[in-house]
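The values are calculated or read from the model by the stated rules, or taken from the named source; none is laboratory data. Keep in mind that what you see is a predicted model, and the values were worked out from it rather than measured. Don't worry about glycine lacking a Cβ; one is built from the backbone with ideal geometry, like all the others, and counts go over all protein chains shown. Keep in mind that these areas ignore ligands, DNA and RNA; they rest on the heavy atoms of the full protein, side chains included. Shrake-Rupley method; radii C 1.70, N 1.55, O 1.52, S 1.80 Å.
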Amino acid sequence: MGAAPPAALSGHVDAYGEFSTGADAGSCHNLDVLTESRRRVLGVVVLVVVLTGIVGVACVVVVPQVWAASLTTVSEEPRTVELSAGDHRVGARVPSGWALRPVPTDASRLELWSPDGVLHVELRLTDPGDPEALLAETAAGHGPVSTETTAAGGIFVHAETADGSGIAGVVTAGGSRVVVVADETEGYRAEVAMLVAGIGAAA
């Protein structure tokens, strides 16, 4: 009797053209399923990372801008805004048409913009001290210091900022000191003088 013919082999041909028997075929199928699952998980992870990055950028860039815009108002008529620091209180007169933005966490500071949006002025009520010393801290490298008396009877010690584009000064109003920093003041000296004159007004 001759040798029995070999039994027919069952299996499948994989993507590489290789033949696998039944046991191997099951393993290949399981491997394919496992690989597909891993791809799906990886895709979800990548998507989550991308979305997290987008949300993070929005929180860092967009949200602060929206928050700042919501705090900015335009003065439809002249108004006086109070600056406070400890026991010190000083009023700052804001002309009509100017945009103003308080700092929610710091009642001693106020930001202002001229009606055309070009002139930006920061006011900060600070502890009493020598005005020229405070000015030196505010505008390092400034030019010659000038001293003027404001319309409200205060003393304004000021000089050009270090880059020469603006004015930094300190207003003495009673026993308080208000630091004034104005950017891009070319052609806006009268507007700065008007703001300075209103520091110390009754709130």
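The H on the amide N of residue 97, modeled in the peptide plane, is under 5 Å from the matching H of 75, 76, 77, each at least 5 residues off or on a different chain.
Here's how it looks for residue 108: its modeled amide H is under 5 Å from those of 84, which are all 5 or more places away or on a different chain. Once both labels are positioned 7 Å from their Cα atoms along Cα-to-Cβ, the gap between residue 77 and residue 184 label points is 3.1 nm. Entry comment: accessible area of the range 112-203 is 47 Å² per residue, from protein heavy atoms only and a probe of 1.4 Å. Amide H contacts under 5 Å for residue 161: 166, 167, 168, restricted to partners 5 or more places along the chain or on a different chain, H placed in the peptide plane at 1.01 Å from N.
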